[in-house]
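One structure is given here, and the rest of the page talks about it.
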Amino acid sequence: MDDFNSETDSDYTSYWRDWFISSRGNEYFCEIDEEYLTDRFNLTGLNTEVQYYQYALDLVTDVFDFDCDDDMREQIEKSARHLYGLVHARYIVTTRGLLKMLEKFKKSDFGKCPRVMCDSQPLLPMGQSDIANTSPVKLYCARCEDLYNPKSSRHAVIDGAYFGTSFHNILFQVYPAMLPPKSQRRYEPRVFGFKMHAAAALARWQGEQREGMKERLRKVGIETGFENEDEEVESEEEDDDMEIGDGFEQGQPGAAVAIHDR
Ligand SMILES: [Zn+2]
């Protein structure tokens, strides 16, 4: 079998998938089982989405035996990577695929949330679309429930459809213990130690809304999923009178920030 990575170094591997997942930039992918790849049912519809489908599939499953020139070879190689990505999106929502991605998640293979209050929560890759060539992969933080761009430019160009829009949610459905508590802590803007009125008023208003929501959920017996319940709320009220810009009506989220001489 040929060396697929002739450009970079002499790292010769005999199996295409080994080579693919160990290549730089492909760290987000897990290895798809031979068994899964050779079951035609799992590949339904992909023959119309991938150029040179059969050659590409042969390459991925290590039975490629076609004498062709370098240009053609390059085309087939490209198709094989695309095919692998499309099958990957299907594979990672299967029992075995989920387990493999869970292991990678535990090792923080997809990176950690850059938000300070998220305490290095591991991220999961996800697509904003299930259709190929629509948008690149994003990273999802289950603690702040927000999306981030991958740090590395090598990862930032991977097609989001190779992970899909559902995988990250399915993983937490199947492994609920992996779901982190929701982040309740947030950054409070201060000027020389004093809270700024508008931001503080907004935070207080949002805090009240959240408490109201938690109370309603508690009444109907639904787990709220917030971290360290009730602890934060007390401490917030203590230094209310230290706010900069006091004198504005309380609980008015849109009020302008005013810093008086004190
Ligand atoms: Zn986060």
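If you check Asp241 against the conditions, is it modelled with pLDDT under 80 and either touching a Pro at 6+ places or on another chain (Cβ under 8 Å) or assigned to a helix (DSSP H, G or I) (or both)? For Asp241, the condition - modelled with pLDDT under 80 and either touching a Pro at 6+ places or on another chain (Cβ under 8 Å) or assigned to a helix (DSSP H, G or I) (or both) - is met. Screening Val137 on (1) surrounded by 16 or more Cβ atoms within 10 Å (Cβ to Cβ); (2) touching a residue at least 24 places away in the same chain (Cβ under 8 Å); (3) under 29 Å from Thr224 (Cβ atoms) shows it passes everything except condition (3). Here is a check on your reading of the model: is Tyr15 surrounded by 18 or more Cβ atoms within 10 Å (Cβ to Cβ) and not small (Gly, Ala, Ser)? When the stated conditions are applied, Tyr15 does not pass them.
Does Gly85 meet the test of being away from the ligand (no atom under 16 Å from the Cβ), in the same structural domain as Asn47 (by the TED database) and not in a helix (DSSP H, G or I)? Spelling it out, it is not the case that Gly85 is away from the ligand (no atom under 16 Å from the Cβ), in the same structural domain as Asn47 (by the TED database) and not in a helix (DSSP H, G or I). If the condition is being assigned to a helix (DSSP H, G or I), small (Gly, Ala, Ser) and within 16 Å of the ligand (Cβ to nearest atom), then the stretch 88-116 contributes no residue at all. Whenever a residue of the stretch 209-229 is under 18 Å from Ala142 (Cα atoms), its partners that are basic (Lys, Arg), lying with C-beta atoms within less than 7 angstrom and at least six residues away or across chains, give the pairs Thr224/Lys214; Gly225/Lys182; Phe226/Lys182; Phe226/Lys214; Glu227/Lys182.
Regarding Pro176, is this residue within 16 Å of the ligand (Cβ to nearest atom) and either farther than 28 Å from Arg40 by Cβ or of a type in the set (Gly, Ala, Ser) (or both)? So Pro176 fails the test. Taking the criterion of being within 14 Å of the ligand (Cβ to nearest atom) and either over 23 Å from Leu46 (Cβ atoms) or assigned to a loop (DSSP other than H, G, I, E, B) (or both), the residues of the stretch 117-134 that qualify are Met117, Cys118, Asp119, Ser120, Gln121, Pro122, Leu123, Leu124.
Residues checked against (1) more than 11 Å from Ala161 (Cα to Cα); (2) aliphatic (A, V, I, L, M):
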residue	(1), (2)
Ala80	yes, yes
Val93	yes, yes
Gly97	yes, no
Pro122	yes, no
Asn133	no, no
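Val137 falls short on exactly one of the conditions (1) within 16 Å of the ligand (Cβ to nearest atom); (2) in contact with a Phe, Trp or Tyr (Cβ under 9 Å, 6 or more places away or on another chain); (3) not aromatic (Phe, Trp, Tyr), and that condition is (1).
Looking at the stretch 140-171 only, could you name the residues that are assigned to a helix (DSSP H, G or I) and more than 14 Å from the ligand (Cβ to nearest atom)? The answer is Ser153, Arg154, His155, Ala156, Gly160, Ala161, Tyr162, Phe167, Asn169, Ile170, Leu171.
The values are calculated or read from the model by the stated rules, or taken from the named source; none is laboratory data. The structure displayed is predicted, hence computed values, not measured ones. Please note: Cβ atoms are built from the backbone with ideal geometry, for glycine as well, and neighbour counts cover all protein chains shown.
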